[in-house]
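Right, one structure below, let's go through it.
The values are calculated or read from the model by the stated rules, or taken from the named source; none is laboratory data. No experiment lies behind these values; they were computed from the predicted model shown. Cβ placement follows ideal geometry from the backbone for every residue including glycine, while neighbour counts extend to all protein chains displayed.
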Amino acid sequence: MRKEPPEKVSQEKITFDVRELEPLLSPPPMQVKPFVPAWVKLKNGEKLLIRPAKKSEAPLLLNYVKKMIDIDHDFYDIVGVRVCAEILGWYRNRLKDPYQFLGLINGHLVGFVNGRLMNEDINISLHTMAFKRGLRIGAILYYAKCEYAFDTLKQKEFWATYESYNGLKRWGIGMAQPSYPWPDYQHELGGARVFYVTQKYWSTVVKKYLLDMIGTTLKRPVPKDLLKKNEKLKIPREVVV
């Protein structure tokens with residue numbers, strides 16, 4: 001858009017250094033406590049490590065998640081597109097206060113969860129994915145995400161929406177999550193209503209529900225040998241669906 005200035009100016013063209021523009025496009029992150037790595041022993045005896053993803057691992061994650069875009073059932077295509085955008089938003093500093101955790105067994109990627117902080121009070125859940133079946137890895141990672149929001153960051157609410165029937169059944173209905181009036185409240189992923197968990201509902205109901213589902217709690221500190229085994233990320237050849 002062009003408009004004549006209301007005053008005489010000494011310079012009709014002003015250039016910007018991109019380093020001056022970048023602070024406007026990537027606002028400074030909130031000062032929050034990081035997720036402390038944790039582990040659990042799965043029912044098959046394997047040890048699952050949960051740790052934050054490293055930015056250097058983003059290209060590997062992107063190449064893997066891109067494969068979901070071509071899967072034409074159970075909403076994998078839309079989840080794949082959105083998770084790619086979320087990983088890129090984190091990698092390129094275009095997503096406000098994101099977090100992403102990896103579920104690893106001996107370095108092999110078996111699960112991924114992410115979200116972001118809307119503000120000090122509200123945590124936005126984005127996606128939860130398990131790439132190994134039958135071990136409750138999705139439930140464990142969902143628990144880790146909620147624990148981070150409520151027990152570490154002491155936030156007041158955790159917001160979610162669901163693309164798939166399985167996600168709605170397991171988390172929205174399974175945890176009897178209440179929802180806000182729609183369309184007055186909308187999740188940034190769009191579509192359905194905002195389902196939410198409050199700090200009180202977490203501590204009195206949801207935390208126990210998830211612990212009963214996964215049959216254990218997160219263990220800390222992580223043994224040094226377990227951290228070492230999971231230091232280097234190994235990506236599966238194919239997406240487990």
| said: Can you go through L109, L117 and tell me which one is crowded, with 19+ Cβ neighbours inside 10 Å, modelled with pLDDT of 95 or more and in contact with an Asp or Glu (Cβ under 6 Å, 6 or more places away or on another chain)? | reply: L117
| What pairs come up if the first residue lies in segment 67-87 and is without any contact (Cβ under 8 Å) to a residue 12 or more places away in the chain, the second is surrounded by 15 or more Cβ atoms within 10 Å (Cβ to Cβ) and outside any helix (DSSP H, G or I), and their beta carbons are under 9 Å apart, counting only those six or more places apart or on different chains? | A85/L95
| remark: Picking from V32, V40, the residue that is farther than 23 Å from R82 by Cα and not in a loop (DSSP other than H, G, I, E, B) would be V40
| query | Does segment 167-188 contain any residue that is hydroxyl-bearing (S, T, Y), in contact with a Leu (Cβ under 8 Å, 6 or more places away or on another chain) and surrounded by 15 or more Cβ atoms within 10 Å (Cβ to Cβ)? | reply | no
| Of all residues in segment 73-126, which are of a type in the set (G, A, S) and in a helix (DSSP H, G or I)? | G80, A85, G89
| field | Which numbered condition D212 misses (of (1) out of contact with any Leu (no Cβ under 8 Å at 6 or more places or on another chain); (2) assigned to a helix (DSSP H, G or I); (3) under 27 Å from V32 (Cα atoms)) | value | (3)
| note | Of the residues in segment 83-106, those that are of a type in the set (S, T, N, Q) and either more than 19 Å from E231 (Cβ to Cβ) or crowded, with 18+ Cβ neighbours inside 10 Å (or both) come to N93, Q100
| field | Selection within segment 48-72 - crowded, with 18+ Cβ neighbours inside 10 Å and assigned to a strand (DSSP E or B) | value | L48, L49, I50, R51
| note | For segment 193-241, the count of residues that are in contact with a His (Cβ under 6 Å, 6 or more places away or on another chain) and either more than 30 Å from P181 (Cα to Cα) or among the acidic types (D, E) (or both) equals 1
| In segment 143-165, residue nearest to K200 (Cα to Cα) [restricted to those that are of a type in the set (F, W, Y) and either part of a helix (DSSP H, G or I) or out of contact with any helix residue (DSSP H, G or I) (no Cβ under 7 Å at 6 or more places or on another chain) (or both)] | F150
